[in-house]
Amino acid sequence: MADQVEESSVPRESILDKIKEKIHDDSSSSSSSDEESEKPKPSDPPPKPKIWRIFGRQEPVHKVLGGGKPADLLLWKDKKLSAGILGSVTAIWLLFEVLGYHLLTFICHALILCLAVLFVWSNASAFINKSPPRIPEVSIPEDLIVKIALSIRYEINRGFRSLREIATGHSLQKFLIVIGCFWVMSIIGSSCSFLTLVYVDFLMMFTIPYLYDKYEDKVDPLAEKATIELKKHYATFDEKVLSKIPKGAGKDKKH
């Protein structure tokens, strides 16, 4: 009987030991999981600082220029086409400005040459066994002219409204900016011809956007510093000069 009691107590004790070990393992695993959960999680990376861009733009230069083929031309995406257009404009400028060729003379000579070639070709096609030239009918659509005229009319009216607003004395800052622009334009106009001015504008259109798009990370910090300095100088000028100028009576009126 004593042997049977000892044999029956042995498995009971082994079962109890296994249960205790399992409870101990569960408690240790739960405590380790709690410790892991209590560990501070790595914080999210700080947001990147906002980069200052010229004119406060947030979009790429290509999109700012309107996208499509015009932006591709100005940014030299199609180098052959951009170089061809710039070369043609340069040749026209050299022809009229440097060589002194007159526009009316150039148009007349070009028309004489084209008409002579087409006339001779049309009459000589029967003798040389070649088909006569196919001259397309050129017709300017009325809708295109109307759209262009409406666009020009809208821009002119907007310019007149801006000038009227400035002339009524509502904004001294705009007044000084416009006067300064007109003064600079008068100096440039007295030193070069209108054709040269147009050519320089065209040249700037094909160079400045391309160079800025290529080196914008270097240009924007310099432009930011220049803008800050200009604002400081303007604030000083406004405090010492502009603020002492009496405002017009039109500002007190409600529109």
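Each residue in the range 199-246 was checked for being without any contact (Cβ under 8 Å) to a residue 40 or more places away in the chain and either in a loop (DSSP other than H, G, I, E, B) or open to solvent by less than 70 Å² (accessible area, probe 1.4 Å) (or both), and 9 pass. For the range 145-161, the criterion of being surrounded by 11 or more Cβ atoms within 10 Å (Cβ to Cβ) and within 27 Å of the chain's Cα centre (by Cα) is satisfied by at least one residue.
Go through SER186, SER190 for me and flag whichever is within 30 Å of PHE237 (Cα to Cα) and open to solvent by 80 Å² or more (accessible area, probe 1.4 Å). On inspection, the qualifying residue turns out to be SER190.
Pairs are defined by a Cβ separation below 8 Å, a sequence spacing of at least 6 or placement on different chains, a first member in the range 123-134 that is of a type in the set (Ser, Thr, Tyr), and a second member that is loosely packed, with under 10 Cβ neighbours inside 10 Å; the pairs so defined are SER125/SER131. Cβ separations smaller than 7 Å between residues 6+ apart or across chains give the following pairs from the range 62-89 residues that are at negative phi to residues that are assigned to a loop (DSSP other than H, G, I, E, B) and at pLDDT below 90: HIS62/LEU75; VAL64/ARG57; ALA71/LEU65; ASP72/ASP78; LEU74/LEU65; SER82/TRP76.
Please go through the range 183-198 and give me each residue that is touching a residue at least 40 places away in the same chain (Cβ under 8 Å) and assigned to a helix (DSSP H, G or I), ordered by number. The answer is LEU195, THR196. Counting only helices (runs of 4 or more DSSP H) that fall entirely inside the range 71-182 and contain at least 3 residues that are within 30 Å of HIS233 (Cα to Cα), the qualifying elements are 142-167. Taking the criterion of being open to solvent by less than 100 Å² (accessible area, probe 1.4 Å) and free of Cβ contacts under 8 Å to residues at least 40 places away in the same chain, the residues of the range 96-110 that qualify are VAL98, GLY100, TYR101, THR105, PHE106, ILE107, CYS108, HIS109, ALA110.
The values are calculated or read from the model by the stated rules, or taken from the named source; none is laboratory data. Note that the structure is predicted; figures quoted are calculated from it, not measured. FYI the Cβ positions are ideal-geometry reconstructions off the backbone, even for glycines, and counts take in every protein chain you see. Just so you know, the surface numbers come from the protein's heavy atoms only, side chains and all, with ligands and any DNA or RNA stripped out. Shrake-Rupley method; radii C 1.70, N 1.55, O 1.52, S 1.80 Å.
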